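Remarks on the structure that follows.
Every number in this text was worked out from the coordinates using simple rules, so none of it is lab data. Note that the coordinates shown come from a computational prediction; the quantities given were computed from them, not determined experimentally. Here the Cβ positions follow ideal geometry from the backbone for every residue, glycine too, while neighbour counts run over all protein chains shown.
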Amino acid sequence: MTPQDIHRFWEKVPTGEIGCWNWQSAKRSDGYGVFRIAGHTRRASRLSYELAKGPIPPNAFVLHSCDNPSCVRPSHLRIGSHHDNMADMVARERHSLAKTESCINGHPFTGENLFHRSDGGRGCRICRRDNKRRSRAKKSLV
């Protein structure tokens with residue numbers, strides 16, 4: 001980035017505000033700010049992170065601790081993996097599956113039937129038990 005690009009970037013950020021620094025320029029339909037530089041469109045949150053904290057490792061995601069897609073405040077941004085990003089989506093009920101009230105077989109995601117998977121998703125104990133029974137039955141036939 002040239003010094004002019006950096007200046008143009010920070011012109012679109014209200015840095016004096018308390019809390020989130022909401023991107024004041026173009027945004028995608030999902031609320032993430034975008035910035036055009038050298039003929040390429042980049043996410044504003046990623047550029048903010050790079051300018052304030054340094055390079056982003058390959059295959060890393062920039063996650064928002066504030067859960068505000070238009071925020072570019074560096075202190076609200078952190079590096080994470082795809083797994084971290086998906087777990088955040090589920091925990092904040094942004095993922096479509098996090099809003100479902102039952103499993104694919106219609107068992108409710110409540111009480112003793114609900115368990116939390118290691119990837120941050122929810123699971124059905126009834127289906128897990130049935131799958132294990134079928135698996136053991138197949139093995140005993142062999």
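Where the only charges are on Cβ atoms (+1 Lys, Arg; -1 Asp, Glu), what is the dipole of the chain about its Cα centre, to the nearest 20 debye? Don't skip to the answer; put the middle values down first.
Details: 25 positive and 13 negative charges, 185 e Å.
Dipole of the chain, to the nearest 20 debye: 880 debye.
Using the Karplus curve 6.51 cos²θ - 1.76 cosθ + 1.60 with θ = phi - 60°, work out ³J(HN,Hα) for each residue of the range 36-49 in order, rounded to whole Hz, and write x for Gly and Pro.
Those phi angles translate into 8, 9, 6, x, 10, 9, 10, 5, 4, 5, 5, 5, 4, 4 Hz.
Where nothing but the Cβ of Lys and Arg (+1) and of Asp and Glu (-1) is charged, how large is the charge dipole of the range 3-80 around its Cα centre, in debye to the nearest 20?
Details: 11 positive and 6 negative charges, 32 e Å.
That gives a dipole near 160 debye.
Which net charge results for the neighbourhood of residue 77, defined as the other residues with beta-carbon distances under 15 angstrom from its beta-carbon, given Lys and Arg at +1 and Asp and Glu at -1? Intermediate results must be reported in sequence, preceding the final value.
Values: positive: 42, 43, 46, 53, 73, 78; negative: 50, 67, 84, 88.
Residues near residue 77 contribute +2 overall.
Please name which of 100, 126, 110 has its Cα lying farthest along the dipole of the range 100-141 towards the positive end, using unit charges on Cβ (Lys, Arg +1; Asp, Glu -1) and the Cα centre as origin.
The residue sitting most towards the positive pole is 126.
Take residue 17, project a point 7 Å from its Cα along the Cβ direction, then tell me which residues of the range 47-75 have their backbone nitrogen under 12 Å from it.
68-73, by backbone N distance to the label point.
Can you give the FRET efficiency to the nearest 0.05 for residue 42 and residue 117, using r as the Cβ-Cβ distance and R₀ = 25 Å?
Numbers: r = 33 Å, r/R0 = 1.31.
For residue 42 and residue 117, the calculated efficiency is 0.15.
Mean separation of Cα pairs under 8 Å and 6+ residues apart, divided by the residue count of the range 14-112: what relative contact order is that in percent?
Values: 122 pairs, mean separation 21.3, N = 99.
22 percent.
Could you tell me the ratio Rg/Rh of the range 100-141? Both radii from Cα atoms, Rh via Kirkwood. Before the final figure, lay out each step's value.
Details: Rg = 11.8 Å, Rh = 11.1 Å.
Checking Rg against Rh, the ratio lands at 1.06.
Arrange 30, 84 by Cβ neighbour counts within 10 Å, fewest through most, would you?
Working: 30 8, 84 15.
If I rank by nearby Cβ atoms, fewest first, I get 30, 84.
What does the net charge come to around residue 26 if you take all other residues with beta carbon closer than 10 Å to its beta carbon, with K and R at +1 and D and E at -1? Can you show the working numbers first?
Numbers: positive: 12, 27, 28, 36; negative: none.
Residues near residue 26 contribute +4 overall.
Give me the one-decimal nm value for the distance between modelled label points at residue 92 and residue 2, 7 Å along each residue's Cα-to-Cβ direction.
3.5 nm
How about the range 43-142: which GluC sites (Glu not before Pro) there are in a DSSP loop, with at most 12 other Cβ atoms within 10 Å of their Cβ?
93, 101
What distance in nm separates the simple spin-label points at residue 75 and residue 53, each placed 7 Å from Cα in the Cβ direction?
Computed distance between label sites residue 75 and residue 53 equals 1.4 nm.
Taking amide H positions as placed in the peptide plane 1.01 Å from N, state which residues far from residue 63 in sequence (5 or more) or on other chains have amide H under 5 Å from it.
For residue 63, whose amide H was placed from the backbone, the distant partners under 5 Å are 78, 79, 80.
What are the ³J(HN,Hα) couplings of the range 123-138, residue after residue, when phi is run through the Karplus curve with 6.51, -1.76, 1.60 and θ = phi - 60°? Round to Hz, x for glycine and proline.
Rounded to whole hertz, the list is x, 9, 5, 4, 5, 5, 4, 5, 5, 5, 4, 5, 5, 5, 5, 5.
Could you work out the per residue convex hull volume over the alpha carbons of the range 3-80, in cubic angstrom?
Numbers: hull volume 7.7 nm³, N = 78.
Enclosed volume per residue, from the Cα hull, is 98 Å³.
If you take the Cα Rg of the range 37-142 and divide it by 2.2 N^0.38 Å, with N the number of residues, what do you get? Numbers along the way, then the final one.
Values: Rg = 19.8 Å, N = 106, 2.2 N^0.38 = 12.9 Å.
Here the Cα radius of gyration is 1.53 times the empirical estimate.
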